[in-house]
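Peer 1: Okay, handing you the structure first.
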Amino acid sequence: MASRVVVLVAVALVMAAAFVAIHRADAGEAAAVSGFKVLAPIHSGNLTVFPVVAAQSHGTSEFLTLDEGLRSGEVIVTESGMLRGLDRRRPHPDTGVWHPRSDGAQVNQLVLVNNSKRPLLLLAGEIVTGGKQDRVIGKDRIVPAESDPIDLGVFCVEPGRWVATSDKFKAFGGGIASPKVRAGAMSAKNQQKVWDEVRSSQSEMVAVMGDSRAAAPAAREIGNTSSYARVMENSEVKKRVDSVAAPIERGYESVIRQLRDRNAVGVVVAVNGEIIWADVFASPQLLEKYWPKLVRSYAAEAVVTRAADKQASMESAQRFLDRLEGRREVSESEPGLFRHTEISGDGYKVFELTSLLPKTGFEVHVAKMVE
């Protein structure tokens with residue numbers, strides 16, 4: 001009799017779990033095993049994003065973003081040959097400061113100093129413009145407050161120039177490179193691969209513009225530059241990217257307003273019905289800071305992809321988000337600062353940035369891409 005009662009209770013629990021799962025699906029929410037849940041998608045043309053909510057969020061107010069630091073002047077980025085002018089530990093014997101030198105610049109080296117009293121968060125794919133070439137940051141990392149100069153770890157995204165346009169670097173207005181260019185830096189870690197993706201994005205954008213007579217001048221203009229940033233800053237390109245990004249941005253902001261207590265922390269991204277990417281942060285506040293840049297990155301990919309009549313499902317987005325483990329893991333860390341882990345799975349890679357600062361120990365950013 002007791003065993004029959006146990007069986008009946010187990011059946012009841014299974015039925016209850018099934019009911020909850022069905023209820024969640026009906027409410028526009030997919031069941032999760034990762035601690036993250038995807039919600040009903042937001043569409044704009046051939047771009048689809050699935051909002052992601054988390055079981056919990058973390059305090060991230062102490063982190064400074066690259067945009068914030070460059071705007072305030074607390075973060076300085078310069079060519080590697082300017083290192084002496086930035087080293088806080090070796091003042092000039094007469095004036096008390098070193099005067100920068102302009103020699104020694106290298107394609108894949110920039111120097112960064114964080115003069116603020118807050119740790120600086122850098123995301124792979126963020127673009128800085130200026131100097132002798134525009135560059136893209138190669139991997140996520142955390143730079144300590146009041147840091148000495150560090151090698152930023154970048155790839156060039158402007159293969160046709162090696163002449164300084166300005167002494168200072170600034171954040172690219174478009175913010176973050178498209179997923180294909182980000183993948184060249186993050187996964188391939190290869191300068192030629194990054195250049196190949198920059199040229200591919202450029203030629204695809206020229207082809208898209210060439211479909212319209214009114215956009216022909218823009219096609220000629222972007223065809224005559226080697227700068228990824230200049231392509232994306234072209235007025236016609238910005239118009240097309242914004243036409244895709246704006247509805248997604250408004251839709252997500254509406255979702256966030258409705259889910260203030262649900263920890264909306266990221267998105268899963270699909271183009272033409274194919275899942276291609278996911279970005280998840282430690283807090284809604286951190287996502288909010290990066291969201292305008294990220295959505296235009298996704299939109300840039302969608303603009304150059306020929307539309308197809310396909311849509312990704314919530315179930316496929318949830319499966320993509322749940323698979324964050326793989327066959328191989330490679331980690332590198334700076335003790336007391338951060339750990340960066342690259343996970344290789346079957347057809348995908350995951351990149352996790354974990355803060356090791358006091359009172360943290362959580363993943364600040366997780367990015368996943370399809371390979």
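The values are calculated or read from the model by the stated rules, or taken from the named source; none is laboratory data. A quick note: this is a predicted structure, and the numbers were derived from the prediction, not measured. Glycine gets a Cβ as well: all are built from the backbone with ideal geometry, and neighbour counts include every protein chain shown.
Peer 1: Looking only at the stretch 258-277, filter to residues that are small (Gly, Ala, Ser) and closer than 19 Å to His58 by Cα; which one of those is modelled with the lowest pLDDT?
Peer 2: The extreme case among them is Ala264.
Peer 1: Could you check the stretch 315-369 and list, in sequence order, the residues that are closer than 16 Å to Ala124 by Cβ and of a type in the set (A, V, I, L, M)?
Peer 2: Correct list: Val330, Ile343, Val350, Leu353, Val364, Val366, Ala367, Met369.
Peer 1: Considering only the stretch 293-339, state which residues are without any contact (Cβ under 8 Å) to a residue 60 or more places away in the chain, surrounded by 12 or more Cβ atoms within 10 Å (Cβ to Cβ) and closer than 30 Å to Glu236 by Cα.
Peer 2: Lys310
Peer 1: Go through Phe169, Phe155 for me and flag whichever is within 23 Å of Lys293 (Cα to Cα), of a type in the set (Phe, Trp, Tyr) and modelled with pLDDT under 90.
Peer 2: Going through Phe169, Phe155 in turn, just one is within 23 Å of Lys293 (Cα to Cα), of a type in the set (Phe, Trp, Tyr) and modelled with pLDDT under 90: Phe169.
Peer 1: Kindly indicate the residue of the stretch 337-367 that is under 16 Å from Gly184 (Cα atoms) and hydroxyl-bearing (Ser, Thr, Tyr) and also farthest from the chain's Cα centre (by Cα) among those meeting that condition.
Peer 2: Among them, the one singled out is Ser344.
Peer 1: Can I ask one more? Applying the selection to the stretch 167-221, what residues are within 16 Å of Met232 (Cβ to Cβ) and hydroxyl-bearing (Ser, Thr, Tyr)?
Peer 2: Ser178, Ser200, Ser201, Ser203
Peer 1: Here's something else I'd like to know. Could you give me the residue pairs with C-beta distances under 8 Å whose first residue belongs to the stretch 340-359 and is on the phi > 0 side of the Ramachandran plot, whose second residue is of a type outside the set (A, V, I, L, M, F, W, C) wherever it lies, and which are 6+ apart or on separate chains?
Peer 2: Close Cβ pairs (under 8 Å, with a partner that is of a type outside the set (A, V, I, L, M, F, W, C)) amount to Gly347/Glu371.
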